[in-house]
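Here is the structure we will look at, set down as structure tokens.
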Amino acid sequence: MTPDTHSKSSVAELAVRAAGAWLLVGAIAKLFLGTPKDLPQLIHDLTPFDIDFTFRLVIGAELAIVCAAFLKPKLAWPVLVAVFVFFDFVLASQLAAGAESCGCFGASIKVSPYLMLAIDSVLLVAMLVTQPWSKIRRPGVSVPIVSACAAVLLALPWIVIRAPELSTAEAGSANNTGAASSVSAPAKPRWVTLKPEKWVGKSIFDIPELASMTESDKLPIDGKLVLWRQGCDHCKTHLAKMASTDDGSRPIVLLQIRDDLDQTSIVDLMPDGPNVVKIQFPDNQQFIVQTPWEIDVESGNVTRAVLEE
């Protein structure tokens, strides 16, 4: 290998590894700070898997790609190019939708999609300009070693991210004011995934998330439970419609999800009166669920759950 060829190979490797390093920053941020809500809506729409599984899979895949970028850039560059093209497409979609943060580093770190698009595009162009497909000569680490390292990193999110499972037993201890002081409260999970469609046929008091994280004594035995957020356009429309049609004959419990308290409240009209009870989930607890949901309850059992759009 001539000095000139060696130099060009090094530059191409550097471009691939720089892209890998940037991908690593985002993966680590999601691993320790993120929730499935940070995934682009396109991922939510297209994934065939449970969103919790998808979140871990995305992080694991990014870490595995980073491993290949550092250990065997000659093999990794096509995947990285494809990843950054996809990122640019997603960011362009977010800009078109008016998003203020890309969500690449979790909900707690806000990054403008414009800035992220610029950085990703520069790294993408750097890989293409340096032509890793023809300039990288060094083989890098052997494939079996790269594969073993990538497999470990792929599994890492399932080890690091352990959202505590809520149970009705925990709910009883959490809500029992006479419980012994030696019983500690359940750890607050990074996020809670709500699946109201799976509540149908169950007792409303046996649903762990409702029993452990709300004033369960105020849940309806007969009536309607509505999940809503203050910054949700659909919630504003639906609650206003409910207010205009409510005749006061049926109990209504309005359960507010408060993971958007940093947003301006746009809900200005909702049902009110002696038949309406308002309760709340804990503030700043992240919930993975679209809103609003209407849940019908008869004799303490959920009979219907519909996402109103």
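Below is a table of values for the structure above.
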| item | result |
| --- | --- |
| Under-5 Å amide H pairs with VAL253, H placed in peptide plane, nonlocal only | LYS224, LEU225, VAL226, VAL277 |
| Relative contact order [Cα under 8 Å, 6+ residues apart], the chain, whole percent | 17 percent |
| Euclidean distance between Cα centres, the range 44-94 to the range 274-305, Å | 35 Å |
| Kirkwood Rh in Å, taken over all unlike Cα pairs in the chain | 22.3 Å |
| Angle in degrees between helix 3-33 and the longest Cα principal axis of the chain, rounded to the nearest 10 | 10 degrees |
| Average projected area [Cα convex hull, the range 38-150], square nanometres | 7.9 nm² |
| Accessible surface of the chain [probe 1.4 Å, protein heavy atoms]: carbon and sulfur percent | 61 percent |
| Residue of SER147, SER216, SER249 that the Gaussian network model of the chain assigns the largest fluctuation, springs spanning Cα pairs under 10 Å | SER249 |
| In sequence order, calculated HN-Hα J values of the range 202-217 (Karplus, 6.51, -1.76, 1.60; Hz; x Gly/Pro) | 9, 5, 5, 8, 9, 8, x, 5, 6, 6, 9, 10, 9, 7, 5, 6 |
| Mean Cβ neighbour count within 10 Å, used as a protection proxy, ranking 15-21, 66-72, 203-209 highest first | 66-72, 15-21, 203-209 |
| Amide hydrogen neighbours beyond the local backbone of ASN301, cut-off 5 Å, H modeled | ILE204 |
| Normalised convex hull volume, the range 202-309, alpha-carbon set, Å³ per residue | 96 Å³ |
| In Hz, Karplus ³J(HN,Hα) per residue of the range 111-120 (6.51, -1.76, 1.60; θ = phi - 60°; x = Gly, Pro) | 10, 5, x, 4, 5, 5, 5, 5, 5, 4 |
| Whichever aspartates and glutamates have a C-alpha closer than 12 Å to that of LYS30, once near sequence neighbours (fewer than 8 apart) are set aside | ASP38, GLU62 |
| The range 215-309, relative contact order in percent, only Cα pairs under 8 angstrom and at least six apart counted | 37 percent |
| Candidate lysines - alpha carbon under 18 Å from LYS72, same-chain residues fewer than 8 apart omitted | LYS8, LYS135 |
| Two-site label geometry, ALA82 and SER203: point separation in nm, points 7 Å out along Cα→Cβ | 5.0 nm |
| Per-residue [θ]222 nm for the chain (sum of -39500 (n - 2.57) over DSSP H runs n ≥ 4, rounded to 500) | -16000 deg cm²/dmol |
| Per residue solvent-accessible surface (Å²) - the chain, probe of 1.4 Å | 50 Å² |
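The values are calculated or read from the model by the stated rules, or taken from the named source; none is laboratory data. Just so we're clear, the structure is a prediction, and the values are computed from it rather than from any experiment. Glycine also receives a Cβ, built like all others from the backbone with ideal geometry; neighbour counts cover every protein chain displayed. The area values use the complete protein model at the heavy-atom level, side chains included, leaving out ligands, DNA and RNA. Shrake-Rupley method; radii C 1.70, N 1.55, O 1.52, S 1.80 Å.
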